[in-house]
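Data block below; observations after.
The values are calculated or read from the model by the stated rules, or taken from the named source; none is laboratory data. Note that the structure is predicted; figures quoted are calculated from it, not measured. Every residue, glycine as well, gets a Cβ built from its backbone with ideal geometry; the counts of neighbours run over all protein chains shown. These accessible areas exclude ligands, DNA and RNA; they are computed on the full protein's heavy atoms, side chains included. Shrake-Rupley method; radii C 1.70, N 1.55, O 1.52, S 1.80 Å.
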Amino acid sequence: MEKLKVAGGDFLNGTVNISGAKNSAVALIPATILAESPVTIEGLPNISDVAILGDLLEEIGGRVELKNNEMYVDPSTMISMPLPNGKVKKLRASYYLMGAMLGRFKKAVIGLPGGCHLGPRPIDQHIKGFEALGAQVTNEQGAIYLRADELHGARIYLDVVSVGATINIMLAAVLAKGRTIIENAAKEPEIIDVATLLTSMGAKIKGAGTDVIRIDGVEKLHGCRHSIIPDRIEAGTYMIIGAAMGKEVMLDNVIPLHLESLIAKLREMGLHIETSNDQILIIGGQKELKPVDIKTLVYPGFPTDLQQPFTSFLTKATGTSVVTDTIYSARFKHIDELRRMGATIKVEGRSAIVTGPTKLQGARVKASDLRAGAALVCAGLMADGITEITGLEHIDRGYSQLEDKLTGLGATIWREKLSDKEIEQMQNS
Ligand SMILES: CC(=O)N[C@H]1[C@@H](OP(=O)(O)OP(=O)(O)OC[C@H]2O[C@@H](n3ccc(=O)[nH]c3=O)[C@H](O)[C@@H]2O)O[C@H](CO)[C@@H](O)[C@@H]1O
Ligand SMILES: C=C(OP(=O)(O)O)C(=O)O
């Protein structure tokens, strides 16, 4: 077991290259199951979610090679092997194995997914979609059993706008007979990326990126090569870090359009931001930052996945900011840790009220989930002294080469092994 150590206070300068999107990668990899010949996905991030999904494809008989951020998958030898527990619980996106395996084999047994604990994360809309397509779905001892004699197109209205349900239904519907229409679909860029891969495999999909997606089922899908979109959440995290500690931080390999809500909020606070085709420049060092209120919403609203690191940054603003998460009921576990570092933050219902400016102090803190980890890294960079962060298994699910990228910008951050005493203390806490 390891911890991250961050020596705060360094001013950051330079260019950081953004990796491929985690939330695309974790859907693109299961989507390869639907093809009859090999698929190659290039530009994948170096994160544990990607490695685990590669292992899961091997467990069902696929031939998988992951080298230089490129994954080659030969799905021709795959079988519908049950995956009731084990690795599926290590990540959220293992739920995409349900849609992809149901689509290809018309049957699957997949354990309920893991992922960040942010309050209840039901998958009822995924199941509603599978059932509408003709599947029988049961939940037996923590695993979802899916079976269909035949999948047929259907009109499915999502009761909540869900990224996972939208993609999962697309995966199950591309090989179904007839037309599927998903209404009140999510519009995140990752959905367009998955639709682009499926289209290159021979699927017929229209409307991805809008709230109505039409899918005309085809008989079979073939292999292809696909290049993933950049990670807007990783990019947003480095923008926030750049805003907090940067002189001039340039992000390379980004799509500025995907980050408009964050850019608008940073500009409201007084940051200077320039954008071009695939780069964003953040000029920090402002003497005083204005407080802002943010409310997380579905895309193109402010992303819930950036709420936590943004909250750390708001401790620098002069005055009171209110952060409201409308997507998850319990995405405030980072707040106790920020308070340990000296932040003045009150949680009232779904809102966190941040009063600043506060000079944070280094402390021993624990990442409870992926973006809580990002929030603590950001806070550690802003703080006086050394911050020690445990819970790295969460951070490693979503940030590719974190220390290398930050060191490249001039930060002092490194990993150390936990001592036996520290491991014992953690196990008892
Ligand atoms: C792997 C992946 O892509 N993860 C992202 C995905 O998660 P995920 O796909 O799990 O999130 P959803 O978009 O499905 O969830 C949005 C909201 O809908 C609710 N809901 C969802 C499905 C359902 O069947 N029933 C239901 O009630 C959820 O509890 C949540 O309150 O989108 C989230 C919202 O942008 C991001 O925070 C996650 O990073
Ligand atoms: C919540 C997240 O991930 P997951 O859905 O994979 O748990 C995230 O990426 O912030």
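Among the residues of the range 21-71, those that are away from ligand 2 (no atom under 16 Å from the Cβ), under 22 Å from the mean Cα position of the chain (by Cα), farther than 23 Å from H126 by Cβ and of a type outside the set (D, E, K, R) comprise T40, G43, L66, N68, N69, M71.
Within the range 108-130, not a single residue is away from ligand 1 (no atom under 15 Å from the Cβ), out of contact with any Lys or Arg (no Cβ under 8 Å at 6 or more places or on another chain) and not aliphatic (A, V, I, L, M). Among the conditions (1) surrounded by fewer than 24 Cβ atoms within 10 Å (Cβ to Cβ); (2) within 15 Å of ligand 1 (Cβ to nearest atom), the only one that F310 does not satisfy is (1). Any residue at all in the range 94-105 that's open to solvent by 50 Å² or more (accessible area, probe 1.4 Å) and either more than 16 Å from ligand 1 (Cβ to nearest atom) or not assigned by TED's automatic domain parsing to the domain that holds G391 (or both)? Looking for residues that are open to solvent by 50 Å² or more (accessible area, probe 1.4 Å) and either more than 16 Å from ligand 1 (Cβ to nearest atom) or not assigned by TED's automatic domain parsing to the domain that holds G391 (or both), one finds at least one in the range 94-105, hence yes.
Take the range 358-384 and flag every residue that is of a type outside the set (A, V, I, L, M, F, W, C), in contact with a His (Cβ under 8 Å, 6 or more places away or on another chain) and part of a loop (DSSP other than H, G, I, E, B).
Across the range 358-384, the qualifying residues are S368, D369.
Restricting attention to the range 2-18 and to residues that are within 23 Å of the chain's Cα centre (by Cα) and open to solvent by 20 Å² or more (accessible area, probe 1.4 Å), the residue that is nearest to ligand 1 (Cβ to nearest atom) turns out to be N17.
Can you find even one residue in the range 357-368 that is within 16 Å of ligand 2 (Cβ to nearest atom), within 26 Å of the chain's Cα centre (by Cα) and open to solvent by 10 Å² or more (accessible area, probe 1.4 Å)?
Going through the range 357-368, the residues within 16 Å of ligand 2 (Cβ to nearest atom) turn out to be 367-368.
Subset that is within 26 Å of the chain's Cα centre (by Cα): 367-368.
Filter again for open to solvent by 10 Å² or more (accessible area, probe 1.4 Å), leaving 368.
The answer is yes, given that some residue of the range 357-368 is within 16 Å of ligand 2 (Cβ to nearest atom), within 26 Å of the chain's Cα centre (by Cα) and open to solvent by 10 Å² or more (accessible area, probe 1.4 Å).
Across the range 167-189, what is the total count of residues that are near ligand 1 (Cβ under 9 Å from one of its atoms) and either under 19 Å from A108 (Cβ atoms) or open to solvent by 10 Å² or more (accessible area, probe 1.4 Å) (or both)?
Just the residues of the range 167-189 that are near ligand 1 (Cβ under 9 Å from one of its atoms), to begin with: 167-168, 186, 188.
Of the ones still in play, those that are also either under 19 Å from A108 (Cβ atoms) or open to solvent by 10 Å² or more (accessible area, probe 1.4 Å) (or both) are 167-168, 188.
Matching residues across the range 167-189 total 3.
Of all residues assigned to the range 117-128, at least one qualifies as being over 23 Å from D305 (Cα atoms) and in the same structural domain as A154 (by TED's automatic domain parsing).
Working carefully through the options T387, T355, T407, find the one that is outside any loop (DSSP other than H, G, I, E, B), in contact with a Gly (Cβ under 7 Å, 6 or more places away or on another chain) and among the polar types (S, T, N, Q).
Numbers: T355 fails: in contact with a Gly (Cβ under 7 Å, 6 or more places away or on another chain); T407 fails: in contact with a Gly (Cβ under 7 Å, 6 or more places away or on another chain).
Step by step, each of T387, T355, T407 is checked, and only T387 is outside any loop (DSSP other than H, G, I, E, B), in contact with a Gly (Cβ under 7 Å, 6 or more places away or on another chain) and among the polar types (S, T, N, Q).
The set of residues in the range 390-404 being among the charged types (D, E, K, R), part of a helix (DSSP H, G or I) and under 19 Å from K333 (Cβ atoms) consists of E393 alone. Answer with yes or no whether E288 is surrounded by fewer than 18 Cβ atoms within 10 Å (Cβ to Cβ) and assigned to a loop (DSSP other than H, G, I, E, B). Criteria met by E288. Residues in the range 291-301 that are open to solvent by 10 Å² or more (accessible area, probe 1.4 Å) and in contact with a Leu (Cβ under 9 Å, 6 or more places away or on another chain) were compared, and the one that is nearest to C116 (Cα to Cα) is P300.
Quick check on the range 197-205. Is at least one of its residues polar (S, T, N, Q), free of Cβ contacts under 8 Å to residues at least 40 places away in the same chain, open to solvent by 30 Å² or more (accessible area, probe 1.4 Å) and outside any helix (DSSP H, G or I)? Please lay out each step first, then the result.
We begin by selecting, within the range 197-205, every residue polar (S, T, N, Q); these are 199-200.
Filter once more, so that each one left must be free of Cβ contacts under 8 Å to residues at least 40 places away in the same chain: 199-200.
Add one more test, that the residue is open to solvent by 30 Å² or more (accessible area, probe 1.4 Å), and what stays is 199-200.
Filter once more, so that each one left must be outside any helix (DSSP H, G or I): none.
No - not one qualifying residue is present in the range 197-205.
Name the residues in the range 41-79 that are small (G, A, S), assigned to a loop (DSSP other than H, G, I, E, B) and under 23 Å from G115 (Cα atoms), would you? Can you show your working first?
First pass over the range 41-79, keeping only residues small (G, A, S): 43, 48, 51, 54, 61-62, 76.
Right, trim to assigned to a loop (DSSP other than H, G, I, E, B) and you get 43, 61-62.
Passing the criteria: only G43.
Regarding the range 208-215, can at least one residue be identified that is in contact (Cβ under 8 Å) with a residue 24 or more places away in the chain, farther than 19 Å from E131 by Cα and among the basic types (K, R)? The answer is no, given that none of the residues of the range 208-215 is in contact (Cβ under 8 Å) with a residue 24 or more places away in the chain, farther than 19 Å from E131 by Cα and among the basic types (K, R).
Annotation: of all residues in the range 309-325 being touching a Pro at 6+ places or on another chain (Cβ under 6 Å) and of a type outside the set (S, T, Y), the one that is nearest to I353 (Cα to Cα) is G319.
Taking strands (runs of 3 or more DSSP E) as the structural unit, those lying wholly within the range 114-187 and holding at least 2 residues that are away from ligand 2 (no atom under 16 Å from the Cβ) and without any contact (Cβ under 8 Å) to a residue 24 or more places away in the chain correspond to 136-140. If I ask for residues that are among the small types (G, A, S), within 30 Å of V377 (Cβ to Cβ) and open to solvent by 10 Å² or more (accessible area, probe 1.4 Å), which ones from the range 222-244 would you list? Listed by number, the list holds a single entry, S227.
Exactly one residue among E248, E219, E268 is surrounded by fewer than 19 Cβ atoms within 10 Å (Cβ to Cβ), assigned to a loop (DSSP other than H, G, I, E, B) and modelled with pLDDT of 95 or more, and that residue is E219.
L259 meets the conditions (1) open to solvent by less than 50 Å² (accessible area, probe 1.4 Å); (2) over 21 Å from the mean Cα position of the chain (by Cα); (3) of a type outside the set (D, E, K, R) in every case but one. The failed one is (2).
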